[in-house]
1. Using the Karplus curve 6.51 cos²θ - 1.76 cosθ + 1.60 with θ = phi - 60°, what ³J(HN,Hα) values do you get for each residue of segment 117-124, in whole Hz, with x for Gly and Pro?
2. Sort 83-95, 118-130, 228-240 by packing, meaning the average of other beta carbons within 10 Å per residue, with the highest value first.
3. Determine how many Å³ per residue the convex hull of the Cα atoms of segment 206-277 encloses.
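All of the numbers you see were taken from the coordinates with simple rules; none came from a lab. Since the structure is predicted, the reported quantities are computational estimates derived from the model, not experimental observations. Every residue, glycine as well, gets a Cβ built from its backbone with ideal geometry; the counts of neighbours run over all protein chains shown.
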Amino acid sequence: MNLVGKIFVVLIFFMSVAFMSFAVMVYATHKNWRDEIVDPANGWKAKLAAADKKTADLQAEKDAREGELTAERTAALQALMKSENALQGVSKENDELSAQVADLTKAQTAASVAMSMAQKKYDTLRKDVDVLRADIKLAQTSESSQFSKATALADKLHVAMGQLATLTDRNQQLSLEVVRQREALKAGGQMATASGAAPAAPAGLAGIVLAVGASDLVEVSIGSDDGLQAGHTLDVYRGNKYLGRVRVLKTDPDRAVGSILKDYSQGIIQKGDNVVSSRQT
């Protein structure tokens with residue numbers, strides 16, 4: 001064997017030793033990667049399953065929280081809409097009450113003006129009546145030639161007295177109406193109903209019974225356009241026979257409904273019977 005051969009042998013020997021050392025080192029650091037993955041206790045597969053389970057739990061918790069948040073938002077929105085609707089209702093009711101107060105104020109003003117005018121006319125007629133009475137006294141002391149003048153003055157006096165009675169009734173009605181309007185304004189816009197007796201029905205009202213219903217109710221052919229009001233009373237006749245009295249409960253422009261007062265009943269009221277205004281209510 002020559003020198004070159006010996007050199008190659010030595011090199012082969014050292015290379016063998018080096019590769020053997022490398023193999024020993026690789027074996028020493030070798031791991032069973034299958035056990036690392038599938039080990040039920042600490043394997044990566046178990047860790048991955050645990051991580052997936054934790055992720056699923058967190059996702060479920062997130063979905064639940066989002067559902068709760070959505071429900072809370074929906075409830076809050078519904079509560080807000082309900083509050084807005086209630087606010088709109090209160091605002092509308094307030095506007096209606098304001099309009100009613102304004103209408104009542106106008107009605108009170110009109111009633112006050114009408115009462116003032118009626119009072120002035122009443123005072124004027126009262127003065128005229130006093131003058132006419134003085135003239136009548138003078139005429140009665142005059143000679144017989146003044147008899148015709150006294151007669152004319154007496155006629156004027158009767159006319160003035162009739163007008164005075166009518167205006168007196170109207171003055172009382174207007175006074176009661178003003179009181180009702182003031183009470184209605186104090187009550188916040190609701191019409192007050194008089195607790196005492198209603199004013200007397202206007203004199204000279206006449207009509208007929210249109211229908212007789214159950215519970216002693218009757219319908220008559222005169223109404224609010226004729227000056228009839230709830231609380232007025234009407235006497236019922238058939239020819240010259242007095243049958244009884246009816247108290248008005250509700251009025252329409254051309255008719256009214258009333259209840260038969262049993263204390264005054266002297267006969268059975270029927271359709272077609274005559275009704276006239278009563279001076280006592």
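1. So the J values, rounded to whole Hz, are 5, 5, 5, 4, 5, 4, 5, 4.
2. 228-240, 118-130, 83-95
3. 70
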